[in-house]
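Colleague: Quick one: the structure is below, questions incoming.
Each value in this text was obtained by applying a stated rule to the coordinates, not by laboratory testing. Please read these numbers as outputs of a predicted model, since none were measured by experiment. When we count neighbours, we look across all protein chains shown, and the Cβ atoms used for this are built from the backbone with ideal geometry, even at glycine.
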Amino acid sequence: MVVSGRSVQQEGQEQARTAGLLILLFLLGGGVVISLMVGAKPLSAATVWNALTAFDGSYDHTAVQEARVPRTILSLVVGGALGLSGALIQAFTRNPLADPGILGVNAGAAFAVAAGIGLFSVSTISGYMWFAFGGALLATVAVYIISGGAGRMSPAPVQITLAGVALGAVLSGITAVFRMMNSEAFSAMLEWSVGSLARRSLSDLVPVLPFILVGVVLTLALSPALNAVALGDDRAASMGVNIQRTRLISLLGVTLLAGGATAIAGPIGFIGLMVPHSVRWVTGPDQRWIFVYSIVAAPLLLLVSDIIGRVLMPPAEIPVGIITAFLGAPVLIVLIRRKKASGL
């Protein structure tokens with residue numbers, strides 16, 4: 001009877017998770033529609049539909065196809081990458097309040113962009129992207145080496161975290177010096193540095209998309225091993241999990257996902273922290289469900305934030321990175337003050 005009871009309970013949990021995922025998908029679909037309708041000039045659903053199916057070259061149709069569709073697609077990709085990278089770093093560090101920034105990803109990307117502007121006179125978004133992606137990758141490699149990953153022993157999650165925080169602080173300081181030395185040259189970096197989806201096109205996404213897709217595949221493939229790692233390194237090793245390989249692949253996955261997203265939109269905070277931590281209330285500790293939920297919930301949050309930024313102070317727009325910070329700070333306070341924090 002106990003076995004049967006457990007089976008019924010597990011079946012109920014699976015049904016609840018599936019129902020929750022379907023609700024999130026429905027809300028995400030609604031967010032996509034609203035994103036296509038909202039902007040400097042609000043458009044009706046019929047106008048948006050006609051722009052997608054019977055393009056006539058008018059201003060409204062052009063705005064939908066050349067501005068709102070790319071922006072919406074970018075929100076889906078960037079949001080999914082940030083949410084999944086946050087879930088991954090929380091899993092392999094076993095810290096439910098970790099996010100990609102603690103690995104120095106954002107600081108490495110910003111430092112590389114600053115170096116590109118200061119040393120190579122880079123002044124375009126497409127130029128920023130490759131410097132940002134390369135900087136994120138190099139910062140992650142440096143964090144792994146500093147934490148002792150170059151030796152035979154696999155570095156502990158706390159060593160990786162401390163190395164990331166330390167390197168991030170150093171790189172942020174150097175970036176600030178770069179910007180102070182020539183504020184005019186770095187004025188173009190301002191929009192990217194606060195996180196923005198404005199004035200981006202699908203051509204900005206295409207070069208980075210393969211890296212993000214590889215990161216998604218690596219992360220989803222790691223979910224069984226990460227479920228074992230959550231039980232402790234010794235227990236995971238006894239179950240046949242290669243701890244060092246799992247951490248290496250996890251670091252690579254975080255770099256590809258968060259680095260790609262940051263290269264496109266700049267450093268957008270709180271998405272990678274809030275979403276994985278919050279969905280765990282519904283999914284429980286199973287990383288497979290956490291990853292899937294994060295891929296859906298994070299783009300929804302980013303879409304909502306971007307829509308708020310478009311309508312809050314018309315005709316001007318507030319960059320989405322600022323909106324996520326305003327939304328994220330109260331949520332983080334609530335998470336911290338909960339009597340029972342969401343554990344791993």
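Colleague: Can you compute the label reach from Leu202? Point 7 Å from Cα along the Cβ direction, backbone N cut-off under 17 Å, restricted to the stretch 54-83.
Modeller: 54-57, 61-78
Colleague: A further question on this structure: Could you size up the charge dipole of the chain around its Cα centre, putting +1 on the beta carbon of Lys and Arg and -1 on that of Asp and Glu, and report it in debye to the nearest 20?
Modeller: Using Cβ point charges on Lys, Arg, Asp and Glu, the chain gives about 820 debye.
Colleague: Of Glu11, Glu317, Glu191, which is the most mobile in a GNM of the chain whose springs link Cα atoms less than 10 angstrom apart?
Modeller: Comparing Glu11, Glu317, Glu191 in a Gaussian network model of the chain, the most mobile one is Glu11.
Colleague: With a 10 Å cut-off between alpha carbons and a GNM built on the chain, which of Ser147, Ser183, Ser250 moves the most?
Modeller: Largest GNM mean-square fluctuation: Ser183.
Colleague: On full extension of the chain, what length is gained from Asp234 through Val177, given 0.36 nm per residue of separation minus the C-alpha to C-alpha distance?
Modeller: Taking Asp234 through Val177 to full extension adds about 16.1 nm, to one decimal.
Colleague: Apply the membrane-span-like helix rule to the chain: whole DSSP H runs, Cα extent along the own long axis of at least 18 Å, mean Kyte-Doolittle hydropathy at least -0.5. List the helices found.
Modeller: 2-37, 69-93, 105-120, 125-146, 157-181, 209-229, 243-265, 287-311, 320-337
Colleague: With Rg and the Kirkwood Rh both taken from Cα atoms, where does Rg over Rh land for the stretch 12-337?
Modeller: Values: Rg = 20.0 Å, Rh = 20.3 Å.
Here Rg/Rh amounts to 0.98.
Colleague: Set the Förster radius R0 to 22 Å, insert the Cβ-Cβ distance between Leu209 and Glu14 as r into 1/(1 + (r/R0)^6), and round the FRET efficiency to 0.05.
Modeller: 0.10
Colleague: Kindly provide the helix-only [θ] at 222 nm of the chain, computed as the sum of -39,500 (n - 2.57) over DSSP H runs of four or more divided by all residues, to the nearest 500 deg cm²/dmol? Could you put the intermediate results ahead of the total?
Modeller: Values: 15 runs with 254 residues, N = 344.
Calculated from helices alone, the mean residue ellipticity at 222 nm is -24500 deg cm²/dmol.
Colleague: Full extension from Val141 to Ala221: what is 0.36 nm times the residue separation minus their Cα-Cα distance, to one decimal in nm?
Modeller: Contour length minus Cα-Cα distance gives 26.7 nm.
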